[in-house]
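Accompanying notes for the structure given below.
The values are calculated or read from the model by the stated rules, or taken from the named source; none is laboratory data. Small disclaimer: the values here were computed from a predicted structure and weren't measured. All Cβ positions, even for glycine, are placed from backbone atoms using ideal geometry, and neighbour counts span all protein chains on display.
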Amino acid sequence: MESSWSNMRRGSLPPNPTAVEERINLVRGVYASQVIMSPTHEIQEIHVLASSRRNPKQIVRDIESLMLVIFGVRLDYRKISLVQVDEARFEQWSPRVRLQQVRLSTQGGNRRAQVTLQLGPRDVTGEAVGERSDTLGDAELAAEATLRAVRELSDTMPEIQLREVKEVQLQAGRTVLVSLELTLPEGERELFDASQNRLGLAGLERRLLGAAWVRGDLPTAAARAVLSALNRRLPVFRRAEASDLLS
């Protein structure tokens, strides 16, 4: 399914408020949002569920800046209703994406990785195929399969690409690092400050980093590293549950 991210042009409000909510949900500290529009296609209210670790005024300013920079809309801050919750308690209450299984096989000379994830009662599986048969190649396939499984969880998920998988030996043990990057529609890429890897005004994170200890095999650690990057950074996983509080 084609994401609404790819159908949007800068300086206009999309007809579906979900596309606006997707952007707001990427502001640092925001768990979920709900945008209410008028019959004349104007924003009436924005309800936001956010972490208590950030200054509420800063979150509101970030949302105002995001609306102006991406959509060309000057938003009255009084239209933003912000509720902050304790992050630790919210994480306990809200389900997280969990790794169920990582399977590797060889078919026709190619390596195949299958990763199964669970979110609440739902299981999804992603697959990736490659030619490399070494351990790091398997880890990269597992990381890519994890991303593909994640995309099955939400049709509003922005496109995320795997940039690098690296094994690092620390004094405490072996770890795996993964680097991910949001792929933005043409016309929005120049909005990001390359030196900070983020939109300077709105606090959007374009690059994500995940890490996991190697407690068994490298591919499983790579899959866990992808989830460590996404579970805490992209509230899209918890959006349906969190939005219930905003309804």
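Please count how many residues of the range 163-181 are surrounded by fewer than 20 Cβ atoms within 10 Å (Cβ to Cβ) and either under 18 Å from Arg224 (Cβ atoms) or in contact with an Asp or Glu (Cβ under 9 Å, 6 or more places away or on another chain) (or both). Reasoning before the result, please.
Applying the first criterion (surrounded by fewer than 20 Cβ atoms within 10 Å (Cβ to Cβ)) to the range 163-181 yields 163-164, 166-175, 177, 179, 181.
Now narrow it down to the ones that are either under 18 Å from Arg224 (Cβ atoms) or in contact with an Asp or Glu (Cβ under 9 Å, 6 or more places away or on another chain) (or both): 163-164, 166-170, 172-175, 177, 179.
Adding up the residues that qualify gives 13.
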- Query: Which pairs have Cβ atoms under 6 Å, sit 6 or more apart or on different chains, and link a residue in the range 108-122 that is more than 12 Å from Glu144 (Cα to Cα) and at pLDDT below 85 to one that is not small (Gly, Ala, Ser) and not in a loop (DSSP other than H, G, I, E, B)?
  - Reply: none
- Selected residue (only one of Ile63, Ile36, Ile59 is free of Cβ contacts under 8 Å to residues at least 24 places away in the same chain and outside the structural domain of Ala225 (by TED's automatic domain parsing)): Ile36
- Please go through the range 58-67 and pick out each residue that is crowded, with 21+ Cβ neighbours inside 10 Å and among the charged types (D, E, K, R). Asp62
- Message: Return the residues of the range 26-60 that are assigned to a strand (DSSP E or B) and of a type in the set (Asp, Glu); say none if nothing qualifies.
- Response: Glu45
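Out of the residues in the range 20-57 that are aliphatic (A, V, I, L, M) and surrounded by fewer than 19 Cβ atoms within 10 Å (Cβ to Cβ), which is modelled with the highest pLDDT? Spell out the reasoning first.
Step one: of the range 20-57, the residues aliphatic (A, V, I, L, M) are 20, 24, 26-27, 30, 32, 35-37, 43, 46, 48-50.
From what's left, surrounded by fewer than 19 Cβ atoms within 10 Å (Cβ to Cβ): 36-37.
Details: Ile36: 92, Met37: 89.
Looking at residues that are aliphatic (A, V, I, L, M) and surrounded by fewer than 19 Cβ atoms within 10 Å (Cβ to Cβ), I get Ile36.
For the range 104-129, what are the residues that are within 25 Å of the chain's Cα centre (by Cα) and in a loop (DSSP other than H, G, I, E, B)? Reasoning before the result, please.
Just the residues of the range 104-129 that are within 25 Å of the chain's Cα centre (by Cα), to begin with: 112-129.
Matches in the range 104-129: Gly120, Pro121.
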- Task: Mind listing just one residue for me: the one in the range 61-81 that is in a loop (DSSP other than H, G, I, E, B) and out of contact with any Leu (no Cβ under 8 Å at 6 or more places or on another chain) and, of those, nearest to Ala19 (Cα to Cα)?
- Result: Gly72
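What about Asp155, is it modelled with pLDDT under 90 and farther than 26 Å from Arg215 by Cβ?
Spelling it out, Asp155 is indeed modelled with pLDDT under 90 and farther than 26 Å from Arg215 by Cβ.
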- Query: If we scan the range 76-96, do we find a residue that is in contact with a helix residue (DSSP H, G or I) (Cβ under 6 Å, 6 or more places away or on another chain) and closer than 30 Å to Leu218 by Cβ?
  - Reply: yes
